[in-house]
1. Between a first residue in the range 251-272 that is without any contact (Cβ under 8 Å) to a residue 24 or more places away in the chain and a second residue that is more than 11 Å from the ligand (Cβ to nearest atom), which pairs have beta carbons less than 8 Å apart while being 6 or more apart in sequence or on different chains?
2. Among the residues of the range 182-201, count how many are assigned to a loop (DSSP other than H, G, I, E, B) and buried (at least 16 other Cβ atoms within 10 Å of the Cβ).
3. May I ask you to list the residues in the range 80-91 that are outside any helix (DSSP H, G or I), surrounded by fewer than 23 Cβ atoms within 10 Å (Cβ to Cβ) and not basic (Lys, Arg)?
4. Being open to solvent by 50 Å² or more (accessible area, probe 1.4 Å) and of a type in the set (A, V, I, L, M, F, W, C) narrows it down to one residue among 95, 77, 163, 150; which is it?
5. Answer with yes or no whether residue 129 is free of Cβ contacts under 8 Å to residues at least 24 places away in the same chain, open to solvent by 20 Å² or more (accessible area, probe 1.4 Å) and hydrophobic (A, V, I, L, M, F, W, C).
6. Do you know which residues across the range 32-69 are buried (at least 18 other Cβ atoms within 10 Å of the Cβ) and of a type in the set (S, T, N, Q)?
7. If I go through the range 99-125 residue by residue, how many of them are modelled with pLDDT under 90 and either within 16 Å of the ligand (Cβ to nearest atom) or outside the structural domain of residue 140 (by TED's automatic domain parsing) (or both)?
8. Quick check: is even one residue across the range 11-33 closer than 24 Å to residue 275 by Cβ and touching a residue at least 12 places away in the same chain (Cβ under 8 Å)?
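The values are calculated or read from the model by the stated rules, or taken from the named source; none is laboratory data. Quick caveat: nothing in here was measured; it's all calculated off a predicted structure. Here the Cβ is made from the backbone with ideal geometry for all residues, glycine too, and neighbour counts use every protein chain on show. We work out accessible area using only protein heavy atoms, side chains counted, and drop any ligands, DNA or RNA first. Shrake-Rupley method; radii C 1.70, N 1.55, O 1.52, S 1.80 Å.
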Amino acid sequence: MAIERDGDFVTFSQHIQEQQLRFPNASGQFSWLLSGITLATRMIGSYVRRAGLIDVWGEEGAINIQGEAQKKLDVIANRTLEKTLGYRGNVGIIASEEDNEPRVLHEVEPDDSYIVMFDPLDGSSNIDVNVSVGTIFTIFRNPPEINGAAESVLQPGTEQVAAGYVLYGPSTVLVYTCGNGVHQFTLDPQIGTFLLTRENMQMPDYARSYSVNEAYAGRFPEGYQKYLAWTKQAGEGGFTSRYVGSLVADFHRILVSGGVYLYPPTTEHPDGKLRLMYECNPLAFLAEQAGGAAVDGRGHRIVDCMPTQVHDRTPLVIGGRRNVDEVLRFLEG
Ligand code: P6P
């Protein structure tokens, strides 16, 4: 049910305003920026929900910087985010999974300018088969010493000022943090507004559930293979496994119900498949804010990893803190 405060529903905009109060020196610019993201995701959601009725199935016919065939909805989502954020004068730079390089939208004063990085439509290969997909975003401040867009985006995840995702599932939910807890909003399609439905979310510390593409298990490093073998004889009750193939959907399930998601290194992706800056960092920020953990399996918190370029990839182990520690015992064993 939508949460009420003094008998009133709480919209995303109102929640952001409340959060702003925590930052006395924060201008209203931040909430203005975030409202651009919610507008974009409502527009993207309207395309996602009409896939099949309008011509958005299938491929765009281009290959993106990741070497992946772009879906039509990838391009639509990317353009939608660029145009809504571009209208927010305080977004200096954007970077997207779908763009080769970060882009300067506005030459703005550094002290009131943000960088927004995003995966416009994560899991887009699932669109044609009607499986949940999502938009993942993260917000950094523009560093004072501007060294050009390519340099300005190279910041560790600890510098994120906000991060979140929108999951286009049975309902459209927005989950975000700006460093003061994790909060979920559900889009009421009848009024086109995100209403608060979960506040200060806490990820279960442990659950006997893991999420990995086991088809690749033979190509994982030995520690991961040992962990997966162990889960299959872990006594009564044992483990369950769920893998949607959309990172946002798999992460949201773990945020709500617990467990651990793994995308290990493979022979094809020796640094893992997932992108550090606009997939792993935002989810790691959320996981840690919700009491969970997110690591690269190589001795680092995800948010401590220093990027070398905007499309860096990283292995990912993310979930309940005791789940992640359990996996690490096999990796470090
Ligand atoms: P695989 C989607 O392309 C994505 O980036 C994530 O959303 C998803 O978790 C992962 O890749 C799926 O990758 O190799 O299992 O198909």
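1. Note: no pairs meet the criteria.
2. 2
3. 89, 90
4. Answer to the selection: 150.
5. Criteria met by residue 129.
6. 38, 41, 64, listed by residue number.
7. 2
8. Yes - at least one qualifying residue is present in the range 11-33.
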